[in-house]
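Written below as C-alpha cells is the structure these notes are about.
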Amino acid sequence: VLSDAPTVEKDASDLAQSAAAKKAEAVKALEARWADLAGSVGKEMDAVKARVDELGKSKSKRVPKGIDVASAKTNLADANTLWQQAQASYTAGDLAKALESGKDAKGKLDTAASALKLDVTAPSGPGK
C-alpha cells in the first residue's frame with residue numbers, strides 16, 4: 001500500500017493541475033464573451049439613446065408611425081440599470097452574473113431598438 005503512495009500523490013497533483021487548467025480556460029472564454037458583450041451593448045446603448053434624444057428634440061413632436069418612444073425610453077432605462085449591475089458584477093469578479101445581467105441588458109436594448117424601428121445591426125462609420 002505504501003509503495004503506491006507516490007503514484008496516488010502524483011495522480012492527485014495531475015488532477016489538480018488539470019482542474020486549474022480547465023478553470024483558466026473557462027475564465028478565458030467568459031472574459032472573451034464579456035468583451036464581445038461589452039462592445040455590442042455600449043454601441044447599441046449609444047445608438048438607442050441618440051435616437052430617443054433625436055425624437056425627443058423633434059420640433060414637430062410628431063413621431064413616425066409605428067415608433068413607440070415611451071416603450072423605448074422604459075427599456076433603455078431598464079437596460080442601463082441592468083448594464084450597471086453587470087459592470088458591478090464584472091468588477092467584483094463574478095463573470096457568470098456579469099454575463100447574465102449583460103445579456104438581460106442586451107435584451108432590453110434590442111426591445112428598445114425594435115420600438116424605435118432602429119436597426120442596430122447595420123454597419124456604422126464613414127459612408128454608412
- On Cα atoms only, tilt of 69-91 relative to the major axis of the chain in degrees: 20 degrees
- Can you tell me the accessible area per residue over the chain, all protein chains present, probe 1.4 angstrom, in square angstrom? 69 Å²
- Query: With every protein chain present, what accessible area does E44 have (1.4 Å probe, heavy atoms only), rounded to the nearest 10 Å²?
  - Reply: 10 Å²
- Note on the structure: Using a 1.4 Å probe on heavy atoms of the protein chains only, the accessible area for D36 in Å², nearest 10, reads 110 Å²
- Note on the structure: All alpha-carbon distances of region 13-75, grouped into 5 Å bins from 0, give the whole-percent distribution 3, 14, 14, 13, 9, 8, 8, 7, 6, 6, 5, 3, 2, 1, 0
- The percentage of the accessible area of the chain (probe 1.4 Å, all protein chains present) made up of carbon and sulfur atoms, to the nearest whole number, is 56 percent
- Under the Karplus relation 6.51 cos²θ - 1.76 cosθ + 1.60, θ = phi - 60°, what is the ordered set of whole-Hz ³J(HN,Hα) values for region 46-51, x standing for Gly and Pro? 4, 5, 5, 4, 4, 5
- Note on the structure: The simple spin-label model distance between A21 and A50, using points 7 Å out along Cα→Cβ, in nm, is 4.6 nm
- Here the FRET efficiency for S58 versus Q84, based on Cβ atoms and R0 = 22 Å and rounded to 0.05, is 0.15
- Note on the structure: Taking a label point 7 Å from the Cα of S71 along Cα-to-Cβ, the residues of region 80-119 whose backbone nitrogen sits under 14 Å from it are 108-118
- Net charge dipole size for the chain [Lys, Arg +1 and Asp, Glu -1 on Cβ; Debye, nearest 20]: 1180 debye
- Based on DSSP H runs of at least 4 residues, each adding -39500 (n - 2.57), what is the mean residue ellipticity at 222 nm of the chain after dividing by all its residues, to the nearest 500 deg cm²/dmol? -27000 deg cm²/dmol
- Out of K22, K103, K117, any idea which swings most in a Gaussian network model of the chain, alpha carbons joined below 10 Å? K22
- Message: Kirkwood Rh and Cα-based Rg: tell me the resulting Rg over Rh for the chain, rounded to two decimals.
- Response: 1.31
- Message: Placing +1 on the Cβ of each Lys and Arg and -1 on the Cβ of each Asp and Glu in region 1-110, which of A72, A92, A24 has its Cα farthest towards the positive end of the resulting dipole?
- Response: A72
- Query: Once the Cα atoms of helix 95-115 and of the chain are each reduced to a long axis, what angle between those two axes, in degrees from 0 to 90 to the nearest 10, is obtained?
  - Reply: 20 degrees
- Task: Normalising by the residue count of the chain, find the relative contact order in percent from Cα pairs under 8 Å and 6+ residues apart.
- Result: 30 percent
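The values are calculated or read from the model by the stated rules, or taken from the named source; none is laboratory data. Worth saying up front: this structure is predicted, and the values here are computed from it rather than measured. Here Cβ is always computed from backbone atoms with ideal geometry, including for glycine, and neighbour counts include all displayed protein chains. The accessibility values were calculated without ligands, DNA or RNA, using every heavy atom of the protein model including side chains. Shrake-Rupley method; radii C 1.70, N 1.55, O 1.52, S 1.80 Å.
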